[in-house]
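Down below is the structure, laid out as structure tokens.
The values are calculated or read from the model by the stated rules, or taken from the named source; none is laboratory data. Bear in mind the structure is a predicted one, so any value in this text is a computation, not a measurement. Counting neighbours? That spans all protein chains shown, and the Cβs are built from the backbone with ideal geometry, glycine included. Side chains included, ligands, DNA and RNA excluded: accessible areas come from the protein's heavy atoms. Shrake-Rupley method; radii C 1.70, N 1.55, O 1.52, S 1.80 Å.
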Protein chains: 2
Amino acid sequence: MSIFNEGLQVVNVGLPLIVEGVPSGQVTQLDWRPPAFGDAEVARLALALDSPETDEANANAIGIVQRVRPQLTRVRPASEVVPGIADGRMLLHAGPPIEWERMCGPMRGALIGATLFENWAETPEEAESLLDSGQIKVEPCHHHGAVGPMAGVLAPSMPVFVVTDPSDGRFAFASLNEGLGKVLRFGAYDEEVISRLVWMRDILGPILDRTLQSFGSIDITSLIGQALSMGDEGHNRNVAATSLLTRRLAPTIAALEPSSDAIAVLNFLAGNDHFALNISMASAKLSMDAALGIDKSTLVTAMARNGVEFGLRVAGTGEQWFTTAVGPADGLFFPGYGPEDANPDLGDSAITETMGLGGFAMAASPAITQFVGGTPSDAIAATRSMRRITLGPHPAYPLPPMNFTGSPSGIDVLKVLDTGVLPLINTGIAHKTAGIGQIGAGIVTAPPEVFLSAARALAKARGIG
Amino acid sequence: MSIFNEGLQVVNVGLPLIVEGVPSGQVTQLDWRPPAFGDAEVARLALALDSPETDEANANAIGIVQRVRPQLTRVRPASEVVPGIADGRMLLHAGPPIEWERMCGPMRGALIGATLFENWAETPEEAESLLDSGQIKVEPCHHHGAVGPMAGVLAPSMPVFVVTDPSDGRFAFASLNEGLGKVLRFGAYDEEVISRLVWMRDILGPILDRTLQSFGSIDITSLIGQALSMGDEGHNRNVAATSLLTRRLAPTIAALEPSSDAIAVLNFLAGNDHFALNISMASAKLSMDAALGIDKSTLVTAMARNGVEFGLRVAGTGEQWFTTAVGPADGLFFPGYGPEDANPDLGDSAITETMGLGGFAMAASPAITQFVGGTPSDAIAATRSMRRITLGPHPAYPLPPMNFTGSPSGIDVLKVLDTGVLPLINTGIAHKTAGIGQIGAGIVTAPPEVFLSAARALAKARGIG
């Protein structure tokens, strides 16, 4: 009788559409989505994969990842430290594997620039035909223990951050951040860009290396942990980590000769708020690779974009990539640009989200909403929603606005399929034409297809079918 | 009839005690306190003062204060720039006026140290008897356009930050922060302390001055605004402002000769997370003094503690101090110390709260709760409660976690009396014995008595009685 007398109270687990017309105060809308994005076959596989063995493998995997304490020890030429990069003419790029012919504008531009930088060609036309001819091998950074933002192009003569885990001697590498404006990673390759790369090779890299040799190594986890309490999220906002690092290293840099070089390096660090991004990326790469190949684990070990496809790697399937077409980011555009100018999403920088930073640590960074859109409470909601798809908070990355609970870390393919919640990636937006550069920033979600593919492969590997 | 059938719903405007026993779900407790802290005479005066003329004066005063854009231009010896400090033997101290005989331990220690530093005495005993004899004048920093944290002792040979408002040519000054540990401002005066002061006088001050001469002046409002988006609150947490400033100035410092001095300065800046505090204080002093003497305005222009008394200044009563005895801060103590070791609250640093920083900007600084106690939501609640007693948000100090609304700024004596809400001050805690140093940090409220005294004086000045 009471439902007639006391009015209707509706609990809806489906589309909000279905309760349209019911006053909103009477509706409790559950955030439920069909498992496996509605793919019944994968839903069945996911259910079969969800076993105590998987839980054990994942607990092991996340424990290993979270215990890595990456140390920044050196800045060396890639040719000297990045495995395989000096075998013949080779250039590395962001994201999963892709052939030169299918690459997007910014990545092609960056490869042309890197070819000029290496003096393999004298003109952009010559560089392009050299790349057309296949005489320069192009392979993903990720296949060489490295990561790079946006186009992510790494050439043998470029200096790289050398990050190591002293407990097992593993290494990861990342290029040095060029700053904003006309830069190689957005596909620019004019004189200004190449000269800067030459300066970075000849001055910045060697000065930073001598600095680290003299100062000692930098504990990156601790640097980023402190930066999270200062409004960074370790992907799109890096001003705190950059400022802390510069302040700490400045006395050592200032002590190096010639002083004109030391001053130029300090000026460069003072002018580049994103300098620490690539360090954060190398650190995340080293940490996540620790779980590569852990049998039965459904932990995501890499998310990366090449501007055409999104790629996913999972611990239990090792070095295999699950890929699908990628779209452009939705976000805030710089004046004069809009979605029609945007390149599809690009770069290895989503390794930070894979680790539990970036979009996952948004709560730490209310100020970033002015850059990527949304409000500070959206930022907190974003972090909260990432808890639903991760294996556990990262103990070294407490988020002050969330009462110091750790940033949600370690994406579980099965949790993504179960909840329908997709990883949030806090990304820069590149112009689709090479060389124009960054035109905005925003949030993207990883595409559902790669999680479906990953589940199929994980099931196959375990004879579930 | 329904109140008998549907149960009791209580709205309580008095002490929570009175509704004890009523289930808490049935009680709405209003945060109401009797006006003027229960002083009926002052409540009547406050009511009379609450007029359109007062509103107009306050709107004028807060507008003037918020439009000041303090510039850090130089670092000069106090004797050269601080008015009156070089007239005979004079030392300045924190808080409202107090005679040597009544001073607390840390302030006496700091004055002994400053006497040794100035070479007016050779031993602490000699310094003490010189101070006993009255041959060294002691006056408040505030009376000389200056501010100093904790004991706040300023001697003529010390270097000071010179902060100016280019629009009217006014100046404010603050000592340079010595760092943590054994330092003069906590009353220590041994060899280590005096040597550091000598180094600051001979090396740090001149190098910083040459840096500013070469780099140009620093817009402090913009520096602090950015630091607020990086977890500083501009009083007890200054790591962001210090890091940003150091990173910006490092190239210029590194270019100065001799390089050994430049390196020593960069090392000092790298090791002192509170370096920017004194700059924030001088900036707040310059801004608040712009309202000094604005007729009829009930805006608080200074809050300062000398370790014995708390002092308040109000725009409409000019340079008059309203004082009352001050207690120790309640907060988190460093291991081995407790409330029984704490000196009563001390220092001019509450000028930052007077401006709308520190305790008023707590929301910007969730991480500070680990230093002063409480939780991040307490920090937001603190900022929110300060809205009730302030004249308006500071447009240059947006707080990201509060959706970028400005920090509550400009304490109104009448609002304090009306709401019974007292200004929150985020403070360091000094040991009561000279020289032991900081033993904790916490939150204090300004004492109610000074607001009662201020209201009486404001009323008297306007012939209300």
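Give B:Val444, B:Val450, B:Val421, B:Val416 a once-over and let me know the one that is on the phi < 0 side of the Ramachandran plot and in contact with a Leu (Cβ under 6 Å, 6 or more places away or on another chain).
Of the residues listed, the single one that is on the phi < 0 side of the Ramachandran plot and in contact with a Leu (Cβ under 6 Å, 6 or more places away or on another chain) is B:Val450.
Checking the structure you have, find out if any residue of the stretch B:251-268 is among the polar types (S, T, N, Q), modelled with pLDDT of 95 or more and crowded, with 23+ Cβ neighbours inside 10 Å.
Within the stretch B:251-268, none of the residues are among the polar types (S, T, N, Q), modelled with pLDDT of 95 or more and crowded, with 23+ Cβ neighbours inside 10 Å.
State whether the residues of the stretch A:160-169 include one that is modelled with pLDDT of 95 or more, of a type in the set (Ser, Thr, Tyr) and not in a loop (DSSP other than H, G, I, E, B).
yes
Looking at A:Phe161 and the list (1) on the phi < 0 side of the Ramachandran plot; (2) within 23 Å of the chain's Cα centre (by Cα); (3) open to solvent by 10 Å² or more (accessible area, probe 1.4 Å), which single condition is not satisfied?
The failed condition is (3).
On the basis of being within 14 Å of chain A (Cβ to nearest Cβ), touching a strand residue (DSSP E or B) at 6+ places or on another chain (Cβ under 8 Å) and without any contact (Cβ under 8 Å) to a residue 60 or more places away in the chain, does B:Ala363 make the cut?
Criteria met by B:Ala363.
Working only within the stretch B:263-278, note down all residues that are closer than 17 Å to B:Asp209 by Cα and under 23 Å from the mean Cα position of the chain (by Cα).
Result: B:Leu269, B:Phe275, B:Ala276, B:Asn278.
With respect to the numbered conditions (1) within 14 Å of chain A (Cβ to nearest Cβ); (2) closer than 30 Å to B:Met107 by Cβ; (3) aliphatic (A, V, I, L, M), which one is the sole condition not fulfilled by B:Met402?
Among (1) within 14 Å of chain A (Cβ to nearest Cβ); (2) closer than 30 Å to B:Met107 by Cβ; (3) aliphatic (A, V, I, L, M), the lone unmet condition for B:Met402 is (2).
Show the residue pairs meeting these rules: Cβ distance below 8 Å; 6+ apart or different chains; first residue within the stretch B:27-43 and farther than 16 Å from B:Ala455 by Cβ; second residue open to solvent by 80 Å² or more (accessible area, probe 1.4 Å).
Pairs found: B:Val27/B:Val11; B:Thr28/B:Gln9; B:Thr28/B:Val11; B:Gln29/B:Pro16; B:Leu30/B:Val11.
Which ones in the stretch A:218-236 are surrounded by fewer than 24 Cβ atoms within 10 Å (Cβ to Cβ) and among the hydroxyl-bearing types (Ser, Thr, Tyr)?
A:Thr221, A:Ser222
Looking at A:Glu233, A:Glu257, can you tell me which residue is more than 19 Å from B:Arg248 (Cβ to Cβ) and touching a Ser or Thr at 6+ places or on another chain (Cβ under 7 Å)?
Just a single option satisfies the conditions, and that option is A:Glu233.
Would you be able to tell me the number of residues in the stretch A:122-144 that are surrounded by fewer than 22 Cβ atoms within 10 Å (Cβ to Cβ) and touching a Pro at 6+ places or on another chain (Cβ under 8 Å)?
3
Residue-by-condition table, conditions (1) among the β-branched types (Val, Ile, Thr); (2) under 29 Å from B:Gly225 (Cα atoms); (3) under 18 Å from the mean Cα position of the chain (by Cα):
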position: B:Ala282; (1), (2), (3): no, yes, yes
position: B:Ser287; (1), (2), (3): no, yes, yes
position: B:Val308; (1), (2), (3): yes, no, yes
position: B:Gly311; (1), (2), (3): no, yes, yes
position: B:Val326; (1), (2), (3): yes, no, yes
position: B:Ala350; (1), (2), (3): no, yes, yes
position: B:Gln370; (1), (2), (3): no, yes, no
position: B:Thr375; (1), (2), (3): yes, yes, no
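Hey, does the stretch B:367-383 have a residue that's within 24 Å of B:Leu47 (Cα to Cα), open to solvent by 10 Å² or more (accessible area, probe 1.4 Å), assigned by TED's automatic domain parsing to the domain that holds B:Asn426 and without any contact (Cβ under 8 Å) to a residue 40 or more places away in the chain?
No; the residues of the stretch B:367-383 include none that is within 24 Å of B:Leu47 (Cα to Cα), open to solvent by 10 Å² or more (accessible area, probe 1.4 Å), assigned by TED's automatic domain parsing to the domain that holds B:Asn426 and without any contact (Cβ under 8 Å) to a residue 40 or more places away in the chain.
What single numbered condition from (1) farther than 22 Å from A:Gly410 by Cα; (2) in the same structural domain as A:Gly373 (by TED's automatic domain parsing) fails to hold for A:Ala254?
Failed condition: (2).
Picking from A:Ala188, A:Ala174, which residue would you name as being at pLDDT below 95, out of contact with any Asp or Glu (no Cβ under 7 Å at 6 or more places or on another chain) and within 20 Å of A:Ala155 (Cβ to Cβ)?
Within the list A:Ala188, A:Ala174, the selection yields A:Ala188.
Do we have any residue at all in the stretch A:208-216 that's farther than 29 Å from A:Ala304 by Cα, within 14 Å of chain B (Cβ to nearest Cβ) and crowded, with 20+ Cβ neighbours inside 10 Å?
Yes - at least one qualifying residue is present in the stretch A:208-216.
If you take just the strands (runs of 3 or more DSSP E) that sit entirely in the stretch B:1-93, which of them hold at least 3 residues that are under 29 Å from the mean Cα position of the chain (by Cα) and buried (at least 19 other Cβ atoms within 10 Å of the Cβ)?
Once the strands (runs of 3 or more DSSP E) in the stretch B:1-93 are filtered for at least 3 residues that are under 29 Å from the mean Cα position of the chain (by Cα) and buried (at least 19 other Cβ atoms within 10 Å of the Cβ), what remains is B:71-77, B:90-93.
If you scan the stretch A:269-279, which residues turn out to be open to solvent by 10 Å² or more (accessible area, probe 1.4 Å) and either part of a helix (DSSP H, G or I) or among the charged types (D, E, K, R) (or both)?
Residues satisfying the conditions are A:Ala270, A:Gly271, A:Asp273, A:Leu277.
As an exercise: evaluate B:Tyr397 against (1) hydroxyl-bearing (Ser, Thr, Tyr); (2) open to solvent by less than 10 Å² (accessible area, probe 1.4 Å); (3) at pLDDT below 95 and give the number of the one condition it does not meet.
In the conditions (1) hydroxyl-bearing (Ser, Thr, Tyr); (2) open to solvent by less than 10 Å² (accessible area, probe 1.4 Å); (3) at pLDDT below 95, B:Tyr397 misses (3) alone.
Name the residue, out of A:Ala282, A:Ala227, A:Ala264, A:Ala250, that is within 14 Å of chain B (Cβ to nearest Cβ), of a type in the set (Gly, Ala, Ser), in contact (Cβ under 8 Å) with a residue 60 or more places away in the chain and in a helix (DSSP H, G or I).
Going through A:Ala282, A:Ala227, A:Ala264, A:Ala250 in turn, just one is within 14 Å of chain B (Cβ to nearest Cβ), of a type in the set (Gly, Ala, Ser), in contact (Cβ under 8 Å) with a residue 60 or more places away in the chain and in a helix (DSSP H, G or I): A:Ala264.
Only one of (1) within 30 Å of B:Asp190 (Cα to Cα); (2) surrounded by fewer than 18 Cβ atoms within 10 Å (Cβ to Cβ) fails for B:Met107. Which number is that?
Among (1) within 30 Å of B:Asp190 (Cα to Cα); (2) surrounded by fewer than 18 Cβ atoms within 10 Å (Cβ to Cβ), the lone unmet condition for B:Met107 is (2).
Among the residues of the stretch A:94-108, which ones are among the small types (Gly, Ala, Ser) and assigned to a loop (DSSP other than H, G, I, E, B)?
A:Ala94, A:Gly95
Checking A:Ala361 against (1) assigned to a helix (DSSP H, G or I); (2) open to solvent by 10 Å² or more (accessible area, probe 1.4 Å); (3) modelled with pLDDT of 95 or more, only one condition comes out false. Which one?
Of everything listed in (1) assigned to a helix (DSSP H, G or I); (2) open to solvent by 10 Å² or more (accessible area, probe 1.4 Å); (3) modelled with pLDDT of 95 or more, A:Ala361 misses just condition (2).
Would you pick out the residues in the stretch A:230-247 that are part of a loop (DSSP other than H, G, I, E, B) and at the interface with chain B (Cβ under 10 Å from one of its Cβ atoms)?
If the condition is that a residue be part of a loop (DSSP other than H, G, I, E, B) and at the interface with chain B (Cβ under 10 Å from one of its Cβ atoms), then A:Met230, A:Gly231, A:Asp232, A:Arg237 are the ones that fit.
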